[in-house]
Amino acid sequence: MQVTYHLLSNVGNREINEDRIGSYERDGEYCFVLADGCGGHERGEVASRIVVNASIDLFKECGFDEFYMRNAFEIGQEQLLDRQRAEVKYDDYKTTMVLLCIKDDMINWGHVGDSRVYLFKGNKKISHTLDHSVPQVLVNIGEIEDKDIRNHPDRSRLLKAMGTEWERPAYEIAEPIEPEKGIAFLMATDGFWELIEDEEMVKCLKKSYDVHDWVRRMEKIIIKRGQGINMDNYSAIGIFIK
């Protein structure tokens, strides 16, 4: 199994990049994490950095074992709540988070918020994570279609996020899959996936000669489509398994 990847994060037309991305390889195991801070007043930037660093630090310590995914979300959440309590800023320091790990016999991922993990196989989109947002609820009950989320007026209204008190875990962890040649993943903040259709992701994938080329092709579409608007930060991690 050969794993190649490309990380991208851009401030867009904003003053501060509240997105944070990270990766780490340990003994043939891989960890990728992406977060989109939504605390405002520069605290979103801090929130995304806290959860990404917490996930990477835990991976460095213990690797990808059966408890890692759950513990990464729980530790990041507790560190955010501790920061809120310390500064008495209970409405700030919030962020989305997506996490994906790979080892020889297993791939697993989890998410909270509206940052996504896309799975592609054989140059076809197989699935993507479902947002914890108001528009996603409308999709679930059949009022709008999935493609309508991108332009929905409430697309940024999150129902779950890191840094919000949980009565039960807000994150979702997927069923693990086995690594296969020809699998590709895209991890993306809403600033990225909102400006490119799923079909365009697939077209770029078919034309690309490696993972770097794939992400760059998608970024060109995003930059063109983002002209003339208050373009959000956009971040993505592309992953190929060969």
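The values are calculated or read from the model by the stated rules, or taken from the named source; none is laboratory data. All of these numbers come straight from a predicted model, not from anything done at the bench. Cβ atoms come from the backbone with ideal geometry, glycine included; neighbour counts cover every protein chain shown. These area figures cover heavy atoms from the full protein model, side chains too; ligands, DNA and RNA do not enter into them. Shrake-Rupley method; radii C 1.70, N 1.55, O 1.52, S 1.80 Å.
Each residue in the range 1-38 was checked for being under 16 Å from Met106 (Cβ atoms), part of a strand (DSSP E or B) and out of contact with any Gly (no Cβ under 6 Å at 6 or more places or on another chain), and 5 pass.
In the condition set (1) touching a residue at least 60 places away in the same chain (Cβ under 8 Å); (2) surrounded by fewer than 16 Cβ atoms within 10 Å (Cβ to Cβ), Lys60 is compliant with all but (1). Residues being open to solvent by 50 Å² or more (accessible area, probe 1.4 Å), modelled with pLDDT of 95 or more, touching a Ser or Thr at 6+ places or on another chain (Cβ under 9 Å) and outside any strand (DSSP E or B) are entirely absent from the range 79-87.
Looking across the range 156-181, the residues that are in contact with a helix residue (DSSP H, G or I) (Cβ under 6 Å, 6 or more places away or on another chain) and closer than 10 Å to His132 by Cα come down to Arg157, Tyr171.
The set of residues in the range 217-241 that are farther than 23 Å from Ile102 by Cα and open to solvent by 20 Å² or more (accessible area, probe 1.4 Å) comprises Arg217, Glu219, Lys220, Ile221, Ile223, Lys224, Arg225, Gln227, Gly228, Ile229, Asn230, Asp232. Scanning the range 198-216 for residues that are out of contact with any His (no Cβ under 7 Å at 6 or more places or on another chain), surrounded by fewer than 17 Cβ atoms within 10 Å (Cβ to Cβ) and not aromatic (Phe, Trp, Tyr) returns Asp198, Glu199, Glu200, Val202, Lys203, Lys206, Lys207, Asp210, Asp213, Arg216.
Within the range 109-149, being assigned to a helix (DSSP H, G or I), of a type outside the set (A, V, I, L, M, F, W, C) and open to solvent by 10 Å² or more (accessible area, probe 1.4 Å) holds for Asn140, Asp146, Lys147, Asp148.
Within the option set Asp232, Asp198, being within 24 Å of Val52 (Cβ to Cβ), in contact with a Lys or Arg (Cβ under 7 Å, 6 or more places away or on another chain) and of a type in the set (Asp, Glu) holds for one residue only, Asp232.
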